[in-house]
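Take a look at the structure set out below.
The values are calculated or read from the model by the stated rules, or taken from the named source; none is laboratory data. It should be emphasised that the depicted structure is a prediction, and the values quoted were computed from it without experimental measurement. For neighbour counting, all protein chains shown are included, and Cβ atoms are generated from backbone atoms with ideal geometry for every residue, glycine included.
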Amino acid sequence: MTAPLLQVENLATHFFTRNGVAKAVDDVSFTLSRGEILGLVGESGSGKSVTGFSILRLVDAPGRIVSGRILLNGEDLASLDAEHLRAIRGKRIAMIFQDPMMTLNPVLRIDTQMIEAVQAHTSLSRSAALERCREVLAMVGIASPDERLASYPHHFSGGMRQRVAIAIAFLHEPDLIIADEPTTALDVTIQAQILAEVQKLCAGTGTALIWISHDLAVVSALADRIAVMYAGRIVEQGRTAALIEAPLHPYTRGLIDSVPSRNKRGVPLRQIAGMAPSILNLPKGCAFRPRCARGDGACLTPPQAAEHRPGQWARCFHPHLAEIRSEVPA
Amino acid sequence: MTPIIDIAGVSKRFVRELDTAERIAKALGAGIEKQTVHAVEQVDLTIKPREVLGLVGESGCGKSTLGRMVAGLMTPTEGAIRFRGDDMAALKGKAAREAALKVQMIFQDPMSSLNPRMRVETIVGEAPQVHGLVSRRQRGAYVEEMLHRVGLDPAMRRRYPHQFSGGQRQRIGIARALAVRPDFLVCDEAVAALDVSIQAQVLNLFMRLREAYDLTYLFISHDLGVVEHISDRVAIMYLGRIVEEGATEAIFTGANHPYTQALLSERPVISTAKRRFTTIEGEIPSPMKPPPGCHFHPRCPHAFARCRIERPALKQIAPGRKSACHLNDAA
């Protein structure tokens, strides 16, 4: 087996606020192979975005990576200095954000912004850089790239802006792209267009992808593997089919069960009781214990991640092991 | 049975008048015209008592504008909205106030629809007291009962909105709407901002309340899964017009209009198999310059000459089932 492209080991990112220490990411470990798509799923405040930001070292004060290693091809990003980091950001790891209106500069034309991104990492001439921009814009399905290059971000629709952001991410054919809820703000038909584009590009260029989303449906259709986060920790990870078909962790199971399309019409949805705890004040032991039907005294000590089935890990003392789930009646 | 809400030929146009400089430029011969947005165009829709009608569409299709007109927050440019047979725009005085109370609205973002400087007891209790539904002395107990109904701890009535989570805030919005004893609720993306596990709780609450208080809903959402689960009937909107309407099961098992078909095929569902996304081309056109004929024709894979010229009428294609597509005539 070849060495993984990205190896995150025991990553912890904490925010030191006036109200106490918020453990936004705590003891998170996962690996990613070349060309693999990992779906990072969780509800708001579960730490999925902070995990993504931590990999690129984009966490600002009062937040800090307090421990752990982030190995990209064996090189630890967590201990890299600013200059070396800059050489990696945008070149070997690129990021796509939720709202491209916030990440594209509104007062600069698209060509200015894109050429800048090309020249930041290469010594290409302006015209060669422009040629590269045209190429990637065509790659993400933008018709008449020349006309688009001369426009400003506000000339574009939301879907179009996100395509530009994706094109910029692919400029240097990075090893890894981290996409943070990139289709959440888009309509269903546009979302499908973007997903199709991303799927094609990743398969074509061998770029690995971390797709951060709250939407299990989108992730299940796109990802090779899924990691589910709850209150700063990965509570379960495994191959997509296995995780959806036979989730180990009661939280994963509850999450899948509460999606309307997996419930019978007219009957109440199966819901998870209660709400997510504040990361400033986590319950003792397993953070999901107060909402969990299976919780007991054992859950007062924090569960460690264990491989309950080959390739499928969960942090739970009482995983759903035996049952093979039957499909919900249509 | 008389419908509870009858939307008859309703249109809404937003017009941006020219400012002084533009008027001068126009007088001097520049080809500037005032801009008109056709948000809602000739919509007919009826909602029966105790029914949940799901209204689906992408952003900018006019579904929220239609919802706001039904809730009485906007007046139609054309057409009439009748509540239990009375044209709401024509009612005066007491009758108008009573009709307005019977139709309430629940918004997407409870943080921007709840006054941050009011305590929950004022937010929920103010309207029923002003309208004389409860006396000042009864108000405290009434608010507690309302909070209890929506699954909130009545002890929290002295708190402010920022002290609640998103799901709880949405419950406050529901309690506020219920406090004036409405018959009809317009829910505009009421669960869109909530996490999946909380969304399930709030959807269950909506269904429980409907049983308990004989409510009728106009449930506006872009999320097809949510709409399929909660609605009895569904109407699909595209660029200001209703393109298809029918019973939920009929639509979700056999969509007639090409746009509905595309929406359904692209809806992400939880699956264990990777799938390839097939896409419909292009984006929703600007409502300032809608295409002629059928609004969907530039993106439609089946479009033919007639679609570019003539607007298809919303016609009955089966009992209780309507669709606006020329293909139904050709067949």
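The helices (runs of 4 or more DSSP H) falling completely within the range B:87-187 that include 1 or more residues that are over 19 Å from B:Leu215 (Cβ atoms) and aliphatic (A, V, I, L, M) map to B:93-102, B:110-113, B:120-130, B:139-149.
Quick grid of which residues meet (1) more than 9 Å from every other protein chain (Cβ to nearest Cβ); (2) at pLDDT 80 or above; (3) surrounded by 15 or more Cβ atoms within 10 Å (Cβ to Cβ):
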| site | (1), (2), (3) |
| --- | --- |
| B:Gly254 | yes, yes, no |
| B:Ala262 | no, yes, yes |
| B:Glu266 | no, yes, yes |
| B:Val269 | no, no, yes |
| B:Glu281 | no, no, no |
| B:Arg299 | no, yes, yes |
| B:Phe304 | yes, yes, no |
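For the range A:257-287, a residue qualifies if it is within 11 Å of chain B (Cβ to nearest Cβ), of a type in the set (Lys, Arg) and not in a helix (DSSP H, G or I), and the qualifying residues are A:Lys264, A:Arg265, A:Arg270. If we scan the range A:184-201, do we find a residue that is at pLDDT 85 or above, among the β-branched types (Val, Ile, Thr) and within 12 Å of the chain's Cα centre (by Cα)? No, because not a single residue in the range A:184-201 is at pLDDT 85 or above, among the β-branched types (Val, Ile, Thr) and within 12 Å of the chain's Cα centre (by Cα). If you filter the range A:46-87 down to residues that are crowded, with 21+ Cβ neighbours inside 10 Å and small (Gly, Ala, Ser), you find that the one that is farthest from A:Gln237 (Cα to Cα) is A:Ser54. The selection criterion, being over 20 Å from A:Glu43 (Cα atoms), buried (at least 20 other Cβ atoms within 10 Å of the Cβ), touching a Gly at 6+ places or on another chain (Cβ under 8 Å) and of a type in the set (Phe, Trp, Tyr), does not hold for B:Tyr217. Only residues that are more than 12 Å from chain A (Cβ to nearest Cβ) and within 17 Å of B:Thr122 (Cα to Cα) were counted across the range B:171-185, and they come to 10.
The residues listed here are A:Leu124, A:Leu137, A:Leu149; of these, the one that is closer than 24 Å to A:Thr183 by Cβ, at pLDDT 90 or above and more than 28 Å from the chain's Cα centre (by Cα) is A:Leu149. Among residues of the range A:35-50 that are away from chain B (no Cβ under 14 Å), those with a Cβ under 7 angstrom from a residue that is β-branched (Val, Ile, Thr) and surrounded by fewer than 21 Cβ atoms within 10 Å (Cβ to Cβ), sequence gap 6+ or separate chain, pair up as A:Val50/A:Val59.
Consider the range A:262-294 and keep the residues that are small (Gly, Ala, Ser) and under 27 Å from A:Thr13 (Cα atoms). The one that is nearest to the chain's Cα centre (by Cα) is A:Ala276. Taking the range B:202-240 as the range and being away from chain A (no Cβ under 12 Å), under 13 Å from B:Val150 (Cβ atoms) and among the polar types (S, T, N, Q) as the test, no residue passes.
If you take the residues in the range A:204-249 that are closer than 23 Å to B:Ala193 by Cα, more than 9 Å from chain B (Cβ to nearest Cβ) and hydroxyl-bearing (Ser, Thr, Tyr), which one is surrounded by the fewest Cβ atoms within 10 Å (Cβ to Cβ)? That would be A:Ser213.
Residues considered: B:Val150, B:Val196. Of these, the only one that is within 14 Å of chain A (Cβ to nearest Cβ), crowded, with 20+ Cβ neighbours inside 10 Å and farther than 27 Å from B:Pro285 by Cβ is B:Val196. Against the list (1) in contact (Cβ under 8 Å) with a residue 40 or more places away in the chain; (2) assigned to a helix (DSSP H, G or I); (3) touching a Phe, Trp or Tyr at 6+ places or on another chain (Cβ under 8 Å); (4) of a type in the set (Gly, Ala, Ser), the condition A:Gly238 fails is (2). For first residues located in the range A:10-24 and at negative phi, partners that are hydroxyl-bearing (Ser, Thr, Tyr) and at pLDDT 90 or above and lie 6+ apart or on another chain with Cβ distances below 8 Å form the pairs A:Leu11/A:Ser29; A:Leu11/A:Thr51; A:Leu11/A:Ser54; A:Leu11/A:Ser67; A:Ala12/A:Ser67; A:Thr13/A:Thr51; A:Thr13/A:Ser54; A:Ala24/A:Thr13. Could you list, in sequence order, all residues of the range B:11-66 that are crowded, with 21+ Cβ neighbours inside 10 Å, of a type in the set (A, V, I, L, M) and closer than 19 Å to B:Met288 by Cα? Answer for the range B:11-66, where residues must be crowded, with 21+ Cβ neighbours inside 10 Å, of a type in the set (A, V, I, L, M) and closer than 19 Å to B:Met288 by Cα: B:Ala39, B:Val40, B:Val43, B:Leu66.
Please work out if A:Leu201 is within 12 Å of another protein chain (Cβ to nearest Cβ) and either surrounded by 20 or more Cβ atoms within 10 Å (Cβ to Cβ) or outside any helix (DSSP H, G or I) (or both).
It is false that A:Leu201 is within 12 Å of another protein chain (Cβ to nearest Cβ) and either surrounded by 20 or more Cβ atoms within 10 Å (Cβ to Cβ) or outside any helix (DSSP H, G or I) (or both).
Within the range B:197-215, the residues that satisfy the criterion of being in contact with a helix residue (DSSP H, G or I) (Cβ under 8 Å, 6 or more places away or on another chain) and under 20 Å from B:Leu55 (Cα atoms) are B:Gln199, B:Ala200, B:Val202, B:Leu203, B:Leu205, B:Phe206, B:Met207, B:Leu209, B:Leu215. Elements of the type helices (runs of 4 or more DSSP H) sitting completely within the range B:192-300 and holding at least 1 residues that are more than 20 Å from B:His326 (Cα to Cα) and among the hydroxyl-bearing types (Ser, Thr, Tyr): these cover B:196-213, B:248-253, B:258-265. When the range A:283-318 is filtered for residues that are free of Cβ contacts under 8 Å to residues at least 24 places away in the same chain, surrounded by fewer than 19 Cβ atoms within 10 Å (Cβ to Cβ) and not acidic (Asp, Glu), the ones remaining, listed by number, are A:Pro283, A:Lys284, A:Gly285, A:Pro290, A:Gly297, A:Ala298, A:Leu300, A:Thr301, A:Pro302, A:Gln304, A:Ala306, A:Pro310.
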